[in-house]
Amino acid sequence: MAGTEIPKPKLYRLYQIENVAERILKDTDEYFTGYRFDIESFITGKHGLIIDVHYHLKANHDTWAYMLINSNRIFVDNQLIDNDRLEKKFRFTIGEEFAHYLIHRDVFAGCSTLEKRNRRYFSFSEIERKYIENNARALAAALLMPKGMVEDRVSQMLNGIETYSENIIDTLAQQIAHDFDVNFTAARSRLKMLGYHNRLKPDID
Amino acid sequence: MGGKAIPKTFESFLREKRLKKKIGLREFARLIGMQPSNYCSIESGSLQAPPEDKLRNISKALRLTVDEERTLFDLAAETKDDIPTDIKQLIKKDSFIPALLRTVEDEEVGAD
């Protein structure tokens, strides 16, 4: 990358993330079963990315996964693949790596190994690194829980309910997590992203 | 451009067939009796092809045709720089085959 300026990571706004997700999810009905998006088949089948194993990645490098853009490979810790209880985390993690592939390819261009990728990553400031992680997390959430589908599902669940209890968000998040096959925390965070924490204020007398 | 595409590698053949059947990595690994991370390493080309019993399981799980199964065995052998297992078995089964192969070799050398 000698002589080439590495672009600084920027924070994507929510509408930009939603736009990217909407564009990526266009004509992808075949990858949905109900609300569940088969992200693994989508990124390997439609986008030709390869999921590879990096043994003891978490233990040795304190990360669950990383993407090497040049080789079109997502490397994942073996535990994340083998442990059934981590399946939802696996789905979200490969979603995040796919997000890097979509929106951070210029930021990580030319990084052909984990070491080179880490060197690049840590050359950015703390706030820039936060941008990178937040963008990826938000886009993964938008892909696994598409805005329109979440809104439809929430309006179905709220149908007939006139007053909201204090734990309404948690109740919704539990159902969203189940239907979209993601962790509760991811579902709750997605509802917050979509503004439900403000839209569904509990009725307090 | 109507010709049938020839798969280049064992792993790309495997991936293509698995994706066509819409079976996830973990589920497929379980179907063929392998640890998902091991299967993943094979499909990504980091590990060589599995032994024959696993190849048979793969063929069964993917419901490969006879021709496809032969391709699977041929490509698997390539990853190990070896002779396909089914050919090895044929050679072992019939003492006439080594003689036949030597005759063909001799004739080819003679023709040169």
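No value in this document is a laboratory result; all are computed from the given coordinates. All values reported here derive from a predicted model rather than from experimental measurement. Please note: Cβ atoms are built from the backbone with ideal geometry, for glycine as well, and neighbour counts cover all protein chains shown.
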The number of residues in segment B:40-50 that are more than 10 Å from the chain's Cα centre (by Cα) and either away from chain A (no Cβ under 14 Å) or of a type in the set (A, V, I, L, M) (or both) is 3
State all residues of segment A:47-67 that are within 11 Å of chain B (Cβ to nearest Cβ), surrounded by 15 or more Cβ atoms within 10 Å (Cβ to Cβ) and under 25 Å from A:Arg23 (Cα atoms); if no residue qualifies, say none.
A:Leu49, A:Ile50, A:Ile51
Among the residues of segment A:21-44, count how many are touching a helix residue (DSSP H, G or I) at 6+ places or on another chain (Cβ under 7 Å) and within 16 Å of A:Ala99 (Cα to Cα).
11
Is it the case that some residue within segment A:68-82 is within 28 Å of A:Met193 (Cβ to Cβ), more than 14 Å from every other protein chain (Cβ to nearest Cβ) and either among the hydroxyl-bearing types (Ser, Thr, Tyr) or within 18 Å of the chain's Cα centre (by Cα) (or both)?
yes
Kindly evaluate A:Tyr31 against the criterion of being of a type in the set (Ser, Thr, Tyr), free of Cβ contacts under 8 Å to residues at least 24 places away in the same chain, under 28 Å from A:Arg153 (Cα atoms) and surrounded by 17 or more Cβ atoms within 10 Å (Cβ to Cβ).
yes
